[in-house]
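Chemist: Before we start, here is the structure in question, set down as structure tokens.
The values are calculated or read from the model by the stated rules, or taken from the named source; none is laboratory data. Keep in mind the model is a prediction, meaning the values are calculated, not measured. Reconstructed Cβ throughout: ideal geometry from the backbone, glycine too, with neighbour counts over all protein chains shown. Surface areas here come from the heavy atoms of the whole protein model, side chains and all, with no ligands, DNA or RNA. Shrake-Rupley method; radii C 1.70, N 1.55, O 1.52, S 1.80 Å.
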Amino acid sequence: MARIPLIAGNWKMYKTGREAREFVHALAKAVPESSRRIYLSVPFTALEEAAQAAQGTPIFIGAQNMHDQLEGAFTGEISARMLKEAGAQFVLLGHSERRQHFGESNAFINRKLHRALSENLIPILCIGETLVEREQNVTQRVLSRQLEECLSGLDAHSIAQVIIAYEPIWAIGTGRTATPAIAQDVHRHIRQFLLHSSGNKAAESVCLLYGGSVKADNIADLMKEPDIDGALVGGASLDVASFAQIILN
Ligand code: PEP
């Protein structure tokens, strides 16, 4: 089964609604005929304007986080339905910055995944190891555990809808990218994990993104690897020209 390549941007805590609207208009002009899917995860306050600007373009707008409950006494949180109402089509879940700075556990991320799927929001599940874990040679064990706990209770059909982003923590925002060989090795491991847990159809359908200091000058080599279906791009997605170059490369 052919997987359609996907380039996703993660703006983190950058850009206002107006900036998002201008960016989406400019990006749509810069990449009118991309054969790759284009996703942009924007701050909550920019969702509505970004989604309006993206109408009639190939750009999908999404959020960077959500709560697993639909409503309740969760001050400062946001639900899947609120995101959808604002125009989100997908949501990042379990980004390492959420795990690191806000203590998100695999169990919490698992509940969010179930919720996103039941509310028809496409989830992008982020997983990755720290530098210490890589140096201790436990990368595969760490990732298997994250996958097992985050995907727990999802059947093969649901798992096939999930996008998984492998983001080694040592490569995020550091300028240090995993080599294509390192990334491919991990992506192969993830696909093998999915094969054993959910069968061939799910394993072959799941789109696997690499994230960690992706730039215009390293995307082409990463995309040549058979199990890398796209990229999750932080810093380089904040500028129209550099993000467009990555999409078109
Ligand atoms: C990210 O935020 O998911 C990311 C990969 O950031 P950067 O591309 O800046 O390393």
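Chemist: Kindly establish whether His189 is under 22 Å from Glu129 (Cα atoms), without any contact (Cβ under 8 Å) to a residue 40 or more places away in the chain and in contact with a helix residue (DSSP H, G or I) (Cβ under 9 Å, 6 or more places away or on another chain).
Modeler: no
Chemist: Hey, any hits in region 73-81 for a residue that's open to solvent by less than 10 Å² (accessible area, probe 1.4 Å), polar (S, T, N, Q), more than 26 Å from Leu143 (Cα to Cα) and modelled with pLDDT of 95 or more?
Modeler: yes
Chemist: Right, here's the next one. Go over the candidates Ala2, Ala26 one by one and state the one that is assigned to a loop (DSSP other than H, G, I, E, B) and surrounded by fewer than 17 Cβ atoms within 10 Å (Cβ to Cβ).
Modeler: The match here is Ala2.
Chemist: Still on this structure: Test Asp239 against the criterion of being more than 18 Å from Leu40 (Cβ to Cβ), more than 15 Å from the chain's Cα centre (by Cα), modelled with pLDDT of 95 or more and open to solvent by 60 Å² or more (accessible area, probe 1.4 Å), and give yes or no.
Modeler: Criteria not met by Asp239.
Chemist: Further question: Select, from Ser105, Ser35, Ser96, the only residue that is open to solvent by 10 Å² or more (accessible area, probe 1.4 Å), under 16 Å from the mean Cα position of the chain (by Cα) and not charged (D, E, K, R).
Modeler: Step by step, each of Ser105, Ser35, Ser96 is checked, and only Ser96 is open to solvent by 10 Å² or more (accessible area, probe 1.4 Å), under 16 Å from the mean Cα position of the chain (by Cα) and not charged (D, E, K, R).
Chemist: Ok, one more. Only one of Cys150, Cys207 is within 25 Å of Ser118 (Cα to Cα), in contact with a strand residue (DSSP E or B) (Cβ under 7 Å, 6 or more places away or on another chain) and surrounded by fewer than 22 Cβ atoms within 10 Å (Cβ to Cβ). Can you tell me which?
Modeler: Being within 25 Å of Ser118 (Cα to Cα), in contact with a strand residue (DSSP E or B) (Cβ under 7 Å, 6 or more places away or on another chain) and surrounded by fewer than 22 Cβ atoms within 10 Å (Cβ to Cβ) holds for just one of Cys150, Cys207, which is Cys207.
Chemist: Looking only at residues in region 45-78 that are within 18 Å of the chain's Cα centre (by Cα) and part of a loop (DSSP other than H, G, I, E, B), which one is farthest from Glu19 (Cα to Cα)?
Modeler: Per the criteria, the residue is Asp68.
Chemist: Output the helices (runs of 4 or more DSSP H) that fall wholly within region 125-244 and possess 2 or more residues being within 13 Å of the ligand (Cβ to nearest atom), or say none.
Modeler: 219-223
Chemist: Going by the structure shown, is Ala88 under 29 Å from Cys150 (Cα atoms), part of a helix (DSSP H, G or I), open to solvent by less than 20 Å² (accessible area, probe 1.4 Å) and in contact with a helix residue (DSSP H, G or I) (Cβ under 6 Å, 6 or more places away or on another chain)?
Modeler: no
Chemist: Could you check, for region 102-111, whether at least one of its residues is under 24 Å from Leu6 (Cα atoms) and of a type in the set (Val, Ile, Thr)?
Modeler: Yes.
Chemist: Can you find even one residue in region 212-225 that is closer than 30 Å to His67 by Cβ and open to solvent by 10 Å² or more (accessible area, probe 1.4 Å)?
Modeler: yes
Chemist: Just checking, how many residues over region 5-22 are surrounded by fewer than 19 Cβ atoms within 10 Å (Cβ to Cβ) and aromatic (Phe, Trp, Tyr)?
Modeler: Count: 1.
Chemist: Taking the condition buried (at least 20 other Cβ atoms within 10 Å of the Cβ) and either under 17 Å from Asn110 (Cβ atoms) or not hydrophobic (A, V, I, L, M, F, W, C) (or both), does Ile172 pass?
Modeler: Criteria not met by Ile172.
Chemist: In this structure, does His189 turn out to be open to solvent by 60 Å² or more (accessible area, probe 1.4 Å) and farther than 23 Å from Leu40 by Cβ?
Modeler: no
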